[in-house]
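Just below is one structure, and these are the notes that go with it.
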Amino acid sequence: MMSAYEIVAGLEIHAQIVTRTKAFCRCPNQYGAAPNTLVCPVCLGMPGALPILNREVVAQAARLARALGATIHNQSRFDRKNYFYPDLPKGYQISQFYQPFATGGRLRIDANAGERYISITRAHLEEDAGKSMHLPDGSTVVDMNRCGVPLIEIVSEPEFRSPDEAGAYLSAMRELLRFIGVCDGNMEEGHCAATRMSLCAGAVRLSSASALR
Amino acid sequence: MAFGSSLDQISPFAHSCSDLYEILRIAGGFDERDATSSIIPLPDPASLDYPDRPLRVGLLRNFLEHDALDDAVSLAAQGAIRLCASGQILVDIELPSAKYSIPVYYIVATAEASSNLARFDGVRYGFRHPEATDLAAVYDMSRGAGFGPEVRRRIMMGTYVLSSGYYDAYYNTALKVRHVIADEIAMAMKDVDVILAPTTPSTAFKIGEKVDDPVAMYLSDVFTVPANLAGVPAVSIPWSTDAAGLPIGLQLMGRHYAEAQLLSAGILLEKLRPQA
């Protein structure tokens, strides 16, 4: 029964990085503008347009890595995550898979059960996609303003034993990100997390992932 | 429009190597909007002068004596070698892994192309199939009807070699072999200034003549693909014509960032060329 299972969960947090311009182009990195006004050939993925990495994105990622006590790698690489969706103009997302920006580190949390340190697996850079809006008449429109906004994805080890700990971690990470000026933590404007949850009963392990905003 | 991002480049056509040098001076150099451009300074015009010592010309035997060479091309190559022999130093070189160039190229290029062409999806850029009624159909039908057969063939090959379960066997392996080919060229370049080889195995075939045999068409690239994979500069120089009047080209490959040396070797070859 359920009592035979223990929760072993981790969290992946996607945080929008505070910078003046987007990750790979000079478009302003801002929330709330009129649709499709903060765009250019690069973030629209037009043929022939190529990305230029924004130096400030790397600086912000470095600040976060230091704050977590993570190891910043001298070499890291960008990879393409290929999939088809209307709000992904290039048909791929520029992300990091094989060689992320940073690995390791930890974050102190205060949960009901007391103070703990949650280990960080990795932190990597990627770009955000646009926003689809489904209209009452059944049609769908896409706003590309958010395409190319820089994100940092922080993955924790699967060390949470309760929803309370996961919540404490989220609060602590948000506070840290805001304090060091890497993310403004506005939930209605930014991302929250995708959960990675495993249920363990002895040697048996089930895995599933779901998202919450 | 990008095809294979690690292979695509500007490839100018000109009347002479010195014209190519002018184009290099204009198009080359650092560009803050191009993350692939280099800060290494461009060569200055003085470096194009004919070298004051004999050139060390590497003769790529496995290409110059390749089975697929047409007689006319073979004769042209032998003629060039004889002319180079008086005045330059000829060094036989081998690139043992160059024979894998075509399969490596068609794995890497199609993989990259399948990704670069994903953006042509029927959502934007004009053509959306009029009979598509849901999102999946917008993608399938627009891309199916919008792309021609050769493009569809390459996208499918590229998607296959990148797919889960096949990625390591095909794409990753191709990347490793690519490095081996590049390393062999770099090793050969320690001993020579430039490498001489034919540009294509035959003179131009007629439009549509090989359209039913794509592999035969792909094999025409056999001599030009190694430089592309290794990222070294190369130049094709029109040398002579065959009995039907079709042009025969010879190529020189050079070291990374040694375009000036390569083009000055090209100017030498142009001077040796039989007058029409």
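The values are calculated or read from the model by the stated rules, or taken from the named source; none is laboratory data. Just so we're clear, the structure is a prediction, and the values are computed from it rather than from any experiment. Every residue, glycine as well, gets a Cβ built from its backbone with ideal geometry; the counts of neighbours run over all protein chains shown. When the accessible area is computed, the model is the full protein with side chains, heavy atoms only, and any ligands, DNA or RNA have been set aside. Shrake-Rupley method; radii C 1.70, N 1.55, O 1.52, S 1.80 Å.
Could you say whether any residue in region B:159-177 is of a type outside the set (Gly, Ala, Ser) and within 20 Å of B:SER11 (Cβ to Cβ)? Scanning region B:159-177, I find no residue that is of a type outside the set (Gly, Ala, Ser) and within 20 Å of B:SER11 (Cβ to Cβ), so the answer is no.
One residue is enough: does region B:232-242 have a residue meeting the conditions farther than 28 Å from B:PRO45 by Cβ, at pLDDT 95 or above and crowded, with 22+ Cβ neighbours inside 10 Å? Within region B:232-242, none of the residues are farther than 28 Å from B:PRO45 by Cβ, at pLDDT 95 or above and crowded, with 22+ Cβ neighbours inside 10 Å. Has region B:103-122 got at least one residue that is of a type in the set (A, V, I, L, M), at pLDDT below 95 and out of contact with any Cys (no Cβ under 9 Å at 6 or more places or on another chain)? No: region B:103-122 contains no residue that is of a type in the set (A, V, I, L, M), at pLDDT below 95 and out of contact with any Cys (no Cβ under 9 Å at 6 or more places or on another chain).
Scanning region A:71-109 for residues that are open to solvent by less than 60 Å² (accessible area, probe 1.4 Å), within 14 Å of chain B (Cβ to nearest Cβ) and not β-branched (Val, Ile, Thr) yields A:ASP79, A:PRO86, A:ASP87, A:LEU88, A:PRO89, A:LYS90, A:GLY91, A:TYR92, A:GLN93, A:SER95.
Annotation for region B:165-177: no member residue is hydrophobic (A, V, I, L, M, F, W, C), in a helix (DSSP H, G or I), without any contact (Cβ under 8 Å) to a residue 40 or more places away in the chain and open to solvent by less than 50 Å² (accessible area, probe 1.4 Å).
Within region A:122-158, if we keep just the residues that are surrounded by fewer than 18 Cβ atoms within 10 Å (Cβ to Cβ) and more than 28 Å from A:GLN30 (Cα to Cα), the residue that is farthest from the chain's Cα centre (by Cα) turns out to be A:ASP137. Screening B:SER97, B:SER101 for residues that are part of a helix (DSSP H, G or I), in contact with a helix residue (DSSP H, G or I) (Cβ under 9 Å, 6 or more places away or on another chain), more than 10 Å from every other protein chain (Cβ to nearest Cβ) and surrounded by fewer than 20 Cβ atoms within 10 Å (Cβ to Cβ) leaves exactly one candidate, B:SER97.
Restricting attention to region B:104-127, and to residues there that are assigned to a loop (DSSP other than H, G, I, E, B) and more than 9 Å from chain A (Cβ to nearest Cβ), which single residue is surrounded by the fewest Cβ atoms within 10 Å (Cβ to Cβ)?
So, considering only residues that are assigned to a loop (DSSP other than H, G, I, E, B) and more than 9 Å from chain A (Cβ to nearest Cβ), the one surrounded by the fewest Cβ atoms within 10 Å (Cβ to Cβ) is B:GLY126.
The set of residues in region B:128-154 that are more than 11 Å from chain A (Cβ to nearest Cβ) and hydrophobic (A, V, I, L, M, F, W, C) comprises B:ALA132, B:ALA137, B:MET141, B:ALA145, B:PHE147, B:VAL151.
Residues in region B:1-22 that are within 14 Å of chain A (Cβ to nearest Cβ), open to solvent by less than 100 Å² (accessible area, probe 1.4 Å), in contact (Cβ under 8 Å) with a residue 12 or more places away in the chain and not small (Gly, Ala, Ser): B:PHE3 only.
Out of B:PRO41, B:PRO130, B:PRO45, which single residue is out of contact with any Asp or Glu (no Cβ under 7 Å at 6 or more places or on another chain), loosely packed, with under 14 Cβ neighbours inside 10 Å, touching a residue at least 24 places away in the same chain (Cβ under 8 Å) and farther than 23 Å from B:LEU219 by Cβ? Only one candidate qualifies: B:PRO45.
For region A:7-35, the set of residues classified as aliphatic (A, V, I, L, M), open to solvent by 40 Å² or more (accessible area, probe 1.4 Å) and not in a strand (DSSP E or B) consists of A:VAL18, A:ALA34, listed by residue number. Here the strands (runs of 3 or more DSSP E) wholly within region A:77-150 that include at least 1 residues being in contact with an Asp or Glu (Cβ under 6 Å, 6 or more places away or on another chain) and not aromatic (Phe, Trp, Tyr) are A:92-95, A:106-111, A:114-127, A:131-134, A:140-143.
Looking across region B:187-213, the residues that are surrounded by 14 or more Cβ atoms within 10 Å (Cβ to Cβ) and not in a loop (DSSP other than H, G, I, E, B) come down to B:ALA188, B:MET189, B:VAL194, B:ILE195, B:LEU196, B:ALA197, B:PRO198.
Filtering A:LEU44, A:LEU38, A:LEU68, A:LEU64 for residues that are open to solvent by less than 70 Å² (accessible area, probe 1.4 Å), more than 12 Å from chain B (Cβ to nearest Cβ) and more than 19 Å from the chain's Cα centre (by Cα) leaves a single hit, A:LEU38.
Scanning region B:23-37 for residues that are away from every other protein chain (no Cβ under 14 Å) and either within 20 Å of the chain's Cα centre (by Cα) or open to solvent by 60 Å² or more (accessible area, probe 1.4 Å) (or both) yields B:ILE23, B:LEU24, B:ARG25, B:ILE26, B:ALA27, B:GLY28. Filter region B:60-94 down to the residues that are of a type in the set (Asp, Glu) and outside any strand (DSSP E or B) and list them by number. Of everything in region B:60-94, those that are of a type in the set (Asp, Glu) and outside any strand (DSSP E or B) turn out to be B:GLU65, B:ASP67, B:ASP70, B:ASP71, B:GLU94.
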